[in-house]
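The values are calculated or read from the model by the stated rules, or taken from the named source; none is laboratory data. Keep in mind the model is a prediction, meaning the values are calculated, not measured. Here the Cβ is made from the backbone with ideal geometry for all residues, glycine too, and neighbour counts use every protein chain on show. Heads up: the accessible areas ignore ligands, DNA and RNA and are worked out on the full protein's heavy atoms, side chains in. Shrake-Rupley method; radii C 1.70, N 1.55, O 1.52, S 1.80 Å.
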Amino acid sequence: MQCEPIKIELREDAVPFALSHPRAIPYSRVPLVEKEIKDMLNRGIIEKVTHPTDWVSSIVTPPKPSGGIRVCQDYRKLNEFVKRPWYPMKTPSMVIDSLPKNAKWFTTIDAKNGYWMLPLDEESRDLTTFICPSGRYRFLRAPMGLVNVQDRFDQIIDETFEGTPNTGVIRKISSSEPRILMNISGSPLRFCKNVATVESR
């Protein structure tokens, strides 16, 4: 996604928090964690950390409903000091009320792992350092779990749809399948042009 890198700004009274060892993980899940970490490395989402960092968070490994696990970072300590931009996300009712009565063309855009489409500012990367059995890593793309990322993601999504007439965006966010529901009125040709415009941004 074409946007400025996401920055993590801390309050002046921030107190660093760093774990020296990973949180205990059930032995049966260790190979699954290693697989997820390897996948994120190969995709350029994270990178190995060998230098000292003031912040080191743990991970949690909840099971997926469809099988497997998720590797989630526990950024609760960091979030206590992160400055949040508080972007005013529109509710579904607000979007529906703003659409013309003849709106009848709809599409669903897959936003799974959508945060990973957003680049992370170089100076913010060390703040995302986490520790697991295979070592320490930091994010190169925006991670889930940080309070400011949701607001910036919502803002960037709205900016992506700017200039597309008679269009509303409803975010259907769940733990397993985040989606952006795009509602467009007009002709099928206009519908296809608007979808193509958004996908090119």
Next on the checklist: Suppose a student asked you for the relative contact order of the range 7-85, using Cα pairs under 8 Å spaced at least 6 residues apart; what percent would you report?
Outcome noted: 43 percent
Checklist entry - Summing +1 for each Lys or Arg and -1 for each Asp or Glu, what net charge is found among the other residues whose Cβ lies under 9 Å from the Cβ of Phe130? => result +1
Checklist outcome for this item: Order by accessible surface, 1.4 Å probe, largest leading, for residues Trp86, Trp55, Trp105, Trp116 comes to Trp86, Trp105, Trp116, Trp55
Item to check | Asp54 accessible area, assembled protein chains, probe 1.4 Å, Å² | outcome: 110 Å²
Checklist entry - Quick one: how many Å² of Leu140 are accessible to a 1.4 Å probe, rounded to 10? => result 30 Å²
Next on the checklist: From the C-alpha coordinates alone, can you work out the Kirkwood hydrodynamic radius of the range 76-172, in Å?
Outcome noted: 15.8 Å
Item to check | Neighbourhood charge, 13 Å Cβ-Cβ cut-off, centred on Glu36 and excluding it, Lys, Arg +1 and Asp, Glu -1 | outcome: +4
Checklist entry - Just how large is the dipole of the range 20-63 about the Cα centre, in debye to the nearest 20, putting +1 at every Lys and Arg Cβ and -1 at every Asp and Glu Cβ? => result 140 debye
Next on the checklist: Greater than 26 Å separation of Cα atoms is the criterion. Which listed pairs, Lys38/Lys83; Lys38/Lys64; Lys35/Lys64; Lys90/Lys193; Lys83/Lys193; Lys38/Lys90, meet it?
Outcome noted: Lys38/Lys83; Lys83/Lys193; Lys38/Lys90
Next on the checklist: Relative contact order for the range 56-147: what percent, with Cα pairs under 8 Å and sequence separation of 6 or more?
Outcome noted: 35 percent
Checklist entry - Which order do Ser124, Ser93 take by accessible area at a 1.4 Å probe, largest first? => result Ser93, Ser124
Item to check | Förster-model FRET efficiency, 35 Å R0, Met94 and Cys72, C-beta, rounded to 0.05 | outcome: 0.70
Checklist entry - Sorted by accessible area (1.4 Å probe), largest first, how do Cys3, Cys192 line up? => result Cys192, Cys3
